Every structure is written in structure tokens, then in C-alpha cells.
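What follows is one structure encoded as C-alpha cells, with my remarks underneath.
The values are calculated or read from the model by the stated rules, or taken from the named source; none is laboratory data. Remember, predicted model here, so these are calculated numbers, not experimental data. Using ideal geometry, Cβ is built from the backbone for each residue, glycine included, and neighbour counts are taken over all protein chains shown. All accessible areas refer to the heavy atoms of the entire protein, side chains included, with ligands and DNA or RNA removed. Shrake-Rupley method; radii C 1.70, N 1.55, O 1.52, S 1.80 Å.
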Amino acid sequence: MSFQPPTALPRDLLDDDAMQRALFTHDFGTVFRLARERARISYSRIAVECAIKPERVGALARGQGRISSFGKIVQIADALRVPGHMVGLAPRPWEADVAPAPQDWTGPTMHRRTVLQVATASGLAAALPALHHAAPPARITDSYVDRLRERTARLRRLDDILGGGDTYRVFLGEVQRTKAVLQRGSFAGEDVRRRLTALLAEQAQQAGWAAFDGGRKKEAASLYEESRAYAQEAGDADLFGNSLAFLAYGALAHDRRTAVTFAHDSCATITDRTPATVRALFYERLAWACAVDGKASGTEAALDSAREALEMARGGEPQPDWSVWVDQTELGIMTGRCWTELARPLRAVPTLTDGLSRYPDEYARDKALYLSWLAEAFLTAGEVEQAAVTTDRALDLATGVASVRPMQRLVPVLESLRPHGQLPVVRAVLERVAP
């Protein structure tokens, strides 16, 4: 690490309990205040290096407002030289001097730790040879579209092990390159153009999901809207429905009524030709929207429809790669999440416990998220010790994941545990994140 910005925090301050607690909970106002008080780093200098207005830095330090944008968290971590794991990020490029030799980690057996080690110094795009594009052929054919589709499927596997903060720019780059081919390419036929347009809709959904996972909600909504337009242009009803399902998921935080409408509209695209996993996915998203909106009957009906879709799947029926992950385990976990939202812990706990027992730790982001709902269900049921044990496990998995969502879920769970701090197991979890 040859270059040190003027706002780099000294090692002893990074080791300070109060600073570690503030970084862990993304309380950057406290981070800035401690930086000024203990390292004599002025707010004006912080503002310049972090690209934040000086008055905003001061307001944050006074406890007014919070920073949740993934991009801004990355910028602060780099400016203050905060190691990635302290704020829930993958290791930052400046944390290592030498990058390991590039390897191809886009196959089905890749592991999260290995990908992160490779990407530490060189960056994700340089670490994955599959990201290097050959120039498109003079004439775009079906076989070329097939190769791009296979590539998109391989890259989608990154989402299993990395957060949107790691993958967003990779997926967005795929969208931009496919757009360029679509705009400038010469096509072997109109059907080839249609297939590439459908692939672009799929890639936009993938990039939108990474944006959402990384805290870029406006970018996510924009990409979902683009996807809807491309799917409509391509005449792909399944991708059109999925764009609506994504819009529903994103809208839940600020407009539940619109989210439920989007989810219903997504399910309305289902026909007899819709693959089983696609139908189950759309009904899952409807169930979730209804649960967040407090509609128990709508939730149960949608979950029943999703279950029926999977149970009636025809043997050998082809399933699109973007929905093939929807299975009985995933549906069971979604069922438990829904009952947790509806404050039905007697239904939620056994369903979540069963599903999570089969869910691999390698998918750290998702398992940490799912465990947060199990912890919440235990709390609702009055099982405080079990909630604490589950929260502790979720914290283990969430460490180093480049996604804002696990900690967004776990911080309120920790706050709910705080009144029970006299219990040893609860105290241990709280001490883990306490100054």
C-alpha cells in the first residue's frame, strides 16, 4: 500500500471499540466525529476525500441522517482506509500489494472465499477471464446469441456467492455491451434480433438485482423498467412478468399498494406455457408483497399457488436459468419469511428451521438474511435465547458480504434483543457489536 490518503484512519483508532461499533452499524456520523476528535482529521478534509458536502458531514456527525448507499459506503471505506470486512464489504483493492494469478471462477463449483481472494487486489473484472469480451462477429447469428446466453448464465452464479456491491458493475457492463451490439450489429434475421433483445431484458434484470442488493435502489428501478420495455419488445411474456415481479419487490419499502399491484400484474402474465419455476417465482413474489402489506389470506393463497406450480412440474420441462433456483427449499424459506412478517411464529419457525437446515453456508448473504427472519420469529414467540443464537450465526455469515441488506435486517433485530441483555447468550451477542 504505497499511497495513503490524508484521511486514512490510524491503526489504533480502527482498533478502538467505539469506532468498530460505528463502522459495523454504518453509523458514519460517529465515524466522522471520532476521526476529528481522536485523529484530528477535519470535517472539511473528510468532505473532500469522501465527496460529501461539508454541511452534510457536520450534520451526520451531529446524529442527523444516515448513509446507506452502497457506493457511498465504498467511497468512505476507501477514503478512510477502512478494511472492507469492518463495514460489510469484500476486501478493498488497496488491502493487498500483489494479486493472485487470474483463474476462472464462473463454473458451478466456485467458492465465495476463493473469488474474494482472487479479486482483492485486481478487481473482479480482472480476476474473471470470462469477463473479457471478444469483438462481436460482423453478422450476429443464433449461435452468437447462444454463446452470450451461456455467458450470462455463468455470470449469474456470481450472485450465489457475492453481493451486489461486488457484481453490479460487472452485470451493468454486460448490459451496456449487449446494447451496443443490438444498436450497431447486422443480424442474420429478425428472430435473431428478437432473441438478443430478450437476452438484454434478462441481463437488465440481473444488473437491477445487483443494484438493489448493493443499495442502489434508483438504479435498480430504472434497470427493471428497461427490462420491462425490452421484454415487451421481444414478446417474451415470462421476462415481462419477471420485470414486474422485480418492480414489486423493490417498491415494497416505500409503496406497498403499488408493490402488490405489480405482483398481481406479474402473475397475470402466467399461461399454460409458463414454466413451473417461473410460475412459482411469480406467486412467491406475490405472497411476499401480500405478507409485507399485512394480507394473510392473499399470502396463503399465493403460497399455495407456488407450491402447486412446483408439484405439478412436468418431467423434462425446460426451465429458464434465471428461475431454476426456485425449488421446494426456497419456497419453504419464503413461506417462513411470510409468516414471520405476519407475526405467526408457530408457522414460521419450523418452516424456516427446516429450509435453512438444507441451505448451504456458501450462499452467505442469503443465509444471513434468512436467519434474520428466523431470529425475528423466535423473538415474536418469546424465545429470546434462540433468537440470540440465530442472530450470532447470521452475523458470522454477513461479515464481508458486499450487500447492504443483511445488516439492514440485523440491526433492528439486535435492538430488539437489547432489553434482554441480562441473559448471558444475549449479552454475548450484544458485546460482539458493542463499544
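Here are a few things to note about the model shown:
- Kirkwood hydrodynamic radius (C-alpha pairs) into Stokes-Einstein, region 148-282, 10 °C and 1.306 mPa s, D in µm²/s: 105
- As a rough guide to protection, the peptides 39-45, 290-296 ranked by mean Cβ packing within 10 Å, highest first, stand as 290-296, 39-45.
- Region 275-310 versus region 211-232: alpha-carbon centroid distance in Å: 22
- Convex hull volume of the C-alpha atoms in region 393-435, normalised per residue: 72 Å³.
- Accessible surface of region 132-279 [probe 1.4 Å, protein heavy atoms]: carbon and sulfur percent: 48
- Inverse of mean 1/r across different Cα pairs in region 311-435, Kirkwood, Å: 15.3
- Assuming charge only on the beta carbon of Lys and Arg (+1) and of Asp and Glu (-1), the dipole of region 156-294 about its Cα centre is about 260 debye to the nearest 20.
- Convex hull projection area averaged over all views, region 281-374, Cα basis, nm²: 6.1
- Annotation: per residue accessible area for the chain equals 44 Å², rounded to a whole number [probe 1.4 Å, protein chains only].
- For region 127-208, the alpha-carbon coordinates run over 37, 23, 18 Å along the three principal axes, in decreasing order.
- Rel. contact order, % - alpha carbon contacts under 8 angstrom, at least six apart, region 348-387: 38
- Computed from point charges on the beta carbon alone (+1 for Lys and Arg, -1 for Asp and Glu), the dipole magnitude for the chain about its Cα centre is near 1260 Debye.
- Of the solvent-accessible surface of region 322-435, computed with a 1.4 Å probe over protein heavy atoms with every protein chain present, carbon and sulfur atoms account for 55 percent.
- Most to least packed among 419-426, 314-321, 258-265 [average Cβ atoms within 10 Å]: 258-265, 419-426, 314-321
- When the alpha-carbon atoms of the chain are used, the pair Rg, Dmax equals 22.7, 71 angstrom.
- Subtracting the Cα-Cα distance of residue 381 and residue 190 from their residue separation scaled by 0.36 nm leaves 63.0 nm.
- Each peptide among 391-402, 169-180 gets the average number of other Cβ atoms lying within 10 Å of its residues, and from highest to lowest they stand as 391-402, 169-180.
- Per-pair calculated FRET efficiency, R0 = 30 Å: residue 237 and residue 293 via Cβ, rounded to 0.05: 0.75
- For region 191-237, the dipole from Cβ point charges (+1 on Lys and Arg, -1 on Asp and Glu) about the Cα centre works out to 80 debye, to the nearest 20.
- Which of 23, 324, 313, positive extreme of dipole for the chain (C-beta unit charges): 23
- Note on residue 346 and residue 271: with the Förster distance fixed at 30 Å, the Cβ-Cβ geometry gives a FRET efficiency of about 0.25.
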